[in-house]
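K.L.:
First the structure, which I've put down as structure tokens, then a few questions once you've had a look.
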Amino acid sequence: MPKPHFENKQPWMRNDRERDRDRRVTFKPSSRFGGKKEYGNRDWSNAIREHLQDEDVDMGVSSGTGRNFNNKKFGKGRKGRKGSPIPNNRQPRKLLEGPTSWYKISIPHGEKYDKNFLLKTLLEKVAPLPFWPIAWQVYGTTSTFYVDDYKVAEKLLNLDRQVQLPNGFRLLIRVHPGSPNVDMSSTTKEKMKLVMAKRYNAPTKALDLTKFHADPDLQDYFCALFKPIVFLTVVDIIAENIPELEALNLFDNKISVLSFLRKSMKKVPNLKILHMGNNKLREITQLDSLQGLPIIDLVLDGNPLCDKFKDQATYISFDIAEEHHVPETRQTFLCNADGSSIVRQFLEQYFLIYDSENRQPLLQAYHENALFSMTMAYPYGYGKDKNVAWLNWYATDNRNLMRVQDSERRHKLLRQGHLAVVSFLQEMPLTKHDIHSFTVDLTIFTPQMLCLTVSGIFKEIKSGHKIPPIRFFFRTLVIVPAGSGFCIANEILHVTNALPEQAKWRVHGTACIFYVDEYKVAEKLLDLNRQIQLPNGFWLPIRVHPGAPNIDINSTIKEKMKLVMAKRYNAGTKALDLTKFHADPDLQDYFCALFKSTIFLAVIDIIAENIPELEALNLFDNKLSGLNVFKKSLKKIPKLKILHMGHNKLKDIAQLDPLQGFPIVDLVLDGNPLCDKFEDQATYISEVRKRFPKCMKLDSFDLPPPIGFDITEEHHVPSTQKIFLCNADASSVAQQCLLFLQQYFQVYDTEDRQPLLQAYHENAMFSMTMAYPHRYGKDKNVAWLNWYAADNRNVKKVQDTEKRYLLLRQGQSAIINYLKDMPLTEHDIHGFTVDFTICTPDMLCLTVSGIFKEINNGHKTPPFRFFFRTLVLVPAGSGFCIVNELLHISNALPNQAKDAFKNAVAGEPSNPGTSSADSVSSTVQQVVPSVPVLDDATKQEMVHQMSSQSGMNLEWSFKCLDETHWDFQRAIEVFQQFKSRGVIPEEAFVQ
């Protein structure tokens, strides 16, 4: 948007070299002197011309475009010609005193001269005053440094053009109030650390920072403690290196404010002695930032605040009972109650127009001779950095009288007349004010005039910021009657950034939003819509809608959650109580509801990182409607035994499935909708125990011990096998099939797959499916399966019968042609898993799965794929041929790809006669004897034998044998063990 532009330089900040560049020095023979050298005067014009051949430096004596000296001043002391450049006795020049007592000294062309020479010369001239230059630097041809004493600065100002240099020129000295901006680098910080170490007295635990900036070791740095960034760095150094500090001397450091220390004094908790004499503290309230420190010895002598107390007693004692009678703060103060409706209506109409895109109607709100000015500043301690919304738009129109000294510029920044005011308002950024946050004070109310202040929060919109910034404003308005209403005669607007606590509610347009977790509370709030009158006279509107915010877990929220969980953890019982976690007072400004998966996963991560020994977890009343977050959490909290989840929103018992595997012995589900689905308690307990066999306590009631033959069965579970044979007699056939598979994949992994024609029956059928592994979908980091997608015959996805038929390859020629089109591959045959599910003389059905690598397919890195083939083989001649095949292809999981081809790299025995088929065949021969294969007749015989020996009926005998995997001897042992303990029910023996 257009911005009025004014040059913002102060008169004393002009570049001397630029000013000098506009002027030339010339001397014409004076008629008075006739061009002769009289009175012993030096030929100044020749000297200056000679110097200007090299540098073109203006001495300020030209009668041309440059600055003219006061001729009267130069003419009084001696009777020379007017405008003579020869210095004359002058009255001492008066220096304006700055707000910080710091002054910048500039020496134009000082880079020509040796630093030590200049400092020695100035030291001699300034004596006997103490002269200590700080932060000497050279910018271009100008040398600069700083002094911290008004008298020294005034003395240096009066030395301007009074010191003659060896080359005949006079020394130029410029003096202005000010101090440099400080950037705290690591070098500066290390230098400060060394100086503080030198000044620290370990036996007394005292640190002397008297006139810290004037330390000889810091002469080349600007380390004045009145700069907040310097003082905060000092506090950080103390906290890191000398936290035991008890005494601190800050004498004579020009400190004027302490509010920036409000959150930093916790870093020096042991501070008892504090000397702050001879500083610039003006108000006793500046000490509020130090409250909480155990101060027993305080020195404030020499600060302006001491002069404000009439007697010593008042100065010492300000803890009196009157504080109980201080009026309570109010959002609206009215000096006259009759002004309430006038102010409310006027402000409501004004900001309704102001927040629109067209502010032209505000012409009627201002007097034709109205005055308007604006100021801006960043909040103290929240300066202009990358994390702060900058106030650049407002900076050029800032009419802060402490900063704008030029009267002409002050006049330009004062908008006069309603046309000028509204034109400026029209150019300002579009806004949305939170009118319900306004604080209004009516200070003057007369028939002729109203004076009020209004402050509050607004949000800039369409201002180019990625996130609309939230600002704070303060307006002072003088309102006078006009016609049947009122208009503004004078207005001062101050704009700054809102503090974090001011902007802690999320502001959407003009609405403040928060959330509640109770239906009845929400309904009650809805009924309060426009039923509450605010202090400013407005009625409070309330809107209620179902919903919860989206959550982005950042480091701040996670740290806050960690502190709350630490507070709720009982180390003695290893129990964590997260009852109504979102309602914890310390989380009131954050949305941390556990029914949000991101929040629950963050909680589990915090548990895994900090309390992996957790045994008990209480999730009572957290609105949980699902538990899928527990699916992969068993390893993170493996010792969890007690889980209370009462009064949540779990609707089905199947939602407990993700918890299977946890050693739960105590479970509470009472208060969840799923409990109402069971007609009797026995069914409820049975469903729970299916998922948690070791559960002994449910909903705070003890359960009877589980009935069954639950012993250490895991020792008898058959080990996993690479080769499974459904029939031990089929081992010879299996070896032939494995040889067939080896030959098949040897041909398949070549560039010519035509010989595979003999491997398929003339009427063979072939189909192919594909899918991405779960949670390893199609993203930029995954090798895509695009080639296979077009021929995917997944019947759940392909509903069209005609397309299904086209995707079914029929006949050996069609199959081979399709296989030849598929990408070239290399299979890891040593990693194959083969299962023979049907073995008869007429047919074999087997599955084979493993890993292969695509080659020459255009990928930068050859992708690893996983395959699963289901083959139906029939005898053909002396071998086999495929009559039906189903191929499924997916991407290999990371652990599968990592282990692929390792056996081939490690190497099998180097004997050429040993093949993979031979090694697999030997594996088959080893595992076949251990596979228990019992037909139904044998099982039936074992059941009758068990019944006769144990006395149990056939049903319980079958149960006992089945749970011991048909190991008869083991079943007898288990029966005897349980019978001796008396846990076998009586119905087991009813025939």
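The values are calculated or read from the model by the stated rules, or taken from the named source; none is laboratory data. Everything numeric here is computed off the predicted structure, so don't read it as measured data. All Cβ positions, even for glycine, are placed from backbone atoms using ideal geometry, and neighbour counts span all protein chains on display. Only protein heavy atoms, including side chains, enter the accessible area calculation; ligands, DNA and RNA are left aside. Shrake-Rupley method; radii C 1.70, N 1.55, O 1.52, S 1.80 Å.
K.L.:
Once a ≥ b ≥ c are taken as the square roots of the eigenvalues of the Cα gyration tensor of region 798-891, is the result rounded (a/c under 1.5), prolate (a/b larger than b/c) or oblate (a/b not larger than b/c)? Walk me through the numbers before you get to the answer.
P.N.:
Working: a/c = 1.84, a/b = 1.24, b/c = 1.48.
It is oblate, given that a/c is not under 1.5 and a/b is not larger than b/c.
K.L.:
For the pair GLU941 and GLU613, how long in nm is the line joining their label points, each one 7 Å along Cα→Cβ?
P.N.:
5.7
K.L.:
Going down the table (LYS104/LYS254; LYS580/LYS649; LYS155/LYS280; LYS115/LYS151; LYS567/LYS651; LYS558/LYS636), which pairs top 25 Å between alpha carbons?
P.N.:
Working: LYS104/LYS254 15 Å; LYS580/LYS649 13 Å; LYS155/LYS280 22 Å; LYS115/LYS151 22 Å; LYS567/LYS651 31 Å; LYS558/LYS636 18 Å.
The answer is LYS567/LYS651.
K.L.:
Evaluate E = 1/(1 + (r/R0)^6) for GLN746 and LYS898, where r is the Cβ-Cβ distance and R0 equals 25 Å; express this FRET efficiency to the nearest 0.05. Don't jump to the answer; show the numbers that get you there.
P.N.:
Numbers: r = 25 Å, r/R0 = 1.00.
After rounding to 0.05, the efficiency reads 0.50.
K.L.:
Continuing with the same structure: Leaving out ligands, DNA and RNA, and with a 1.4 Å probe, what % of the accessible surface on region 193-310 is carbon or sulfur? Let's see the in-between values first.
P.N.:
Details: 2950 of 5670 Å².
Of all accessible area on region 193-310, carbon and sulfur atoms account for 52 percent.
K.L.:
Rank these by accessible area, largest first, 1.4 Å probe: PHE424, PHE620, PHE346, PHE958. Numbers along the way, then the final one.
P.N.:
Working: PHE424 10, PHE620 75, PHE346 35, PHE958 100 Å².
Reading off the accessible areas and sorting them downward yields PHE958, PHE620, PHE346, PHE424.
K.L.:
With a 1.4 Å probe and all protein chains kept in place, how much accessible area does ILE353 have, in Å² rounded to the nearest 10?
P.N.:
50
K.L.:
May I ask you to list the residues of region 138-181 whose amide nitrogen lies under 13 Å from a point 7 Å from Cα along the Cα→beta-carbon direction of TYR113?
P.N.:
Correct set: 142-144, 159-174.
K.L.:
Taking the Cα-to-Cβ direction at ASN953 and at CYS845 and moving 7 Å from each Cα, how far apart do the two end points lie in nm?
P.N.:
If labels sit at ASN953 and CYS845, their model points lie 3.6 nm apart.
K.L.:
What are the residues whose amide H is under 5 Å from the amide H of MET376, where those residues sit 5 or more places off or on another chain and H is modelled from the backbone?
P.N.:
Residues meeting the criterion, in which the H sits 1.01 Å from N, are ARG399, ASN400, VAL495.
K.L.:
Computed FRET efficiency, Cβ-Cβ of VAL544 and LEU290, R0 56 Å: what is it to the nearest 0.05?
P.N.:
Details: r = 45 Å, r/R0 = 0.81.
E between VAL544 and LEU290, to the nearest 0.05, is 0.80.
K.L.:
Let me ask something else. Full-extension gain between THR446 and TRP966, please, as 0.36 nm times their residue separation minus the C-alpha to C-alpha distance. If you can, show how the numbers build up before the last one.
P.N.:
Values: separation 520, 0.36 × 520 = 187.20 nm, distance 10.42 nm.
Extending this stretch completely gives an extra 176.8 nm.
K.L.:
From a point 7 Å beyond the Cα of TYR805 in the direction of its Cβ, which residues of region 881-902 have a backbone N at a distance under 17 Å?
P.N.:
none
K.L.:
Within a Cβ distance under 12 Å of HIS275, other residues only, what is the Lys/Arg minus Asp/Glu net charge? Don't jump to the answer; show the numbers that get you there.
P.N.:
On the way: positive: LYS272; negative: ASP208, ASP252, ASP297, ASP301.
Every neighbour counted, the sum reads -3.
K.L.:
Given labels modelled 7 Å from the Cα in the Cβ direction, how far is it in nm from ASP183 to LEU534?
P.N.:
Once both label points are built, they end up 4.4 nm from each other.
K.L.:
Another question, then. Around LYS820, with a cut-off of 14 angstrom between Cβ atoms, what is the net charge of the other residues, counting Lys and Arg +1 and Asp and Glu -1? Working shown, then result.
P.N.:
Values: positive: ARG753, ARG809; negative: ASP749, GLU751, ASP752, ASP791, ASP821.
Summing Lys/Arg as +1 and Asp/Glu as -1 gives -3.
K.L.:
Expressed in nm to one decimal, what extension gain is obtained for the pair ASP220 and ASP605 from 0.36 nm per residue of sequence separation less their Cα-Cα distance? Walk me through the numbers on the way to the answer.
P.N.:
Details: separation 385, 0.36 × 385 = 138.60 nm, distance 4.97 nm.
This chain segment gains 133.6 nm when fully extended.
K.L.:
On to the next question. So what are the ³J(HN,Hα) numbers for region 241-257, from phi and the Karplus equation (6.51, -1.76, 1.60; θ = phi - 60°), rounded to whole Hz, Gly and Pro as x?
P.N.:
10, 9, x, 7, 3, 10, 10, 9, 10, 10, 4, 6, 10, 6, 6, 10, 9
K.L.:
On full extension of the chain, what length is gained from LYS580 through ASP517, given 0.36 nm per residue of separation minus the C-alpha to C-alpha distance? List each step's numbers first, then the result.
P.N.:
Values: separation 63, 0.36 × 63 = 22.68 nm, distance 0.99 nm.
Computed gain between LYS580 and ASP517 is 21.7 nm.
K.L.:
Convert each backbone phi in region 981-987 into a coupling constant with the Karplus relation 6.51 cos²θ - 1.76 cosθ + 1.60 (shift: θ = phi - 60°), then list the ³J(HN,Hα) values in order as whole Hz, x for Gly and Pro.
P.N.:
Karplus-based 3J(HN,Hα) across region 981-987 equals 8, x, 9, 7, x, 5, 5 Hz.
K.L.:
Still on this structure: Quick check: net charge around SER289, other residues with Cβ under 12 Å of its Cβ, Lys/Arg +1 and Asp/Glu -1?
P.N.:
Working: positive: ARG262, LYS263, LYS266; negative: GLU283, ASP288.
Here the count lands on +1.
K.L.:
Rounded to the nearest 0.05, what FRET efficiency is calculated for PHE591 and LYS412 with R0 set to 35 Å and r the Cβ-Cβ distance?
P.N.:
Numbers: r = 49 Å, r/R0 = 1.39.
Efficiency at R0 = 35 Å is approximately 0.10.
K.L.:
Residue by residue, what Karplus-based ³J(HN,Hα) values in Hz, rounded to whole numbers, does region 894-899 have, using 6.51, -1.76 and 1.60 with θ = phi - 60° and x for Gly and Pro?
P.N.:
x, 5, 5, 5, 5, 8
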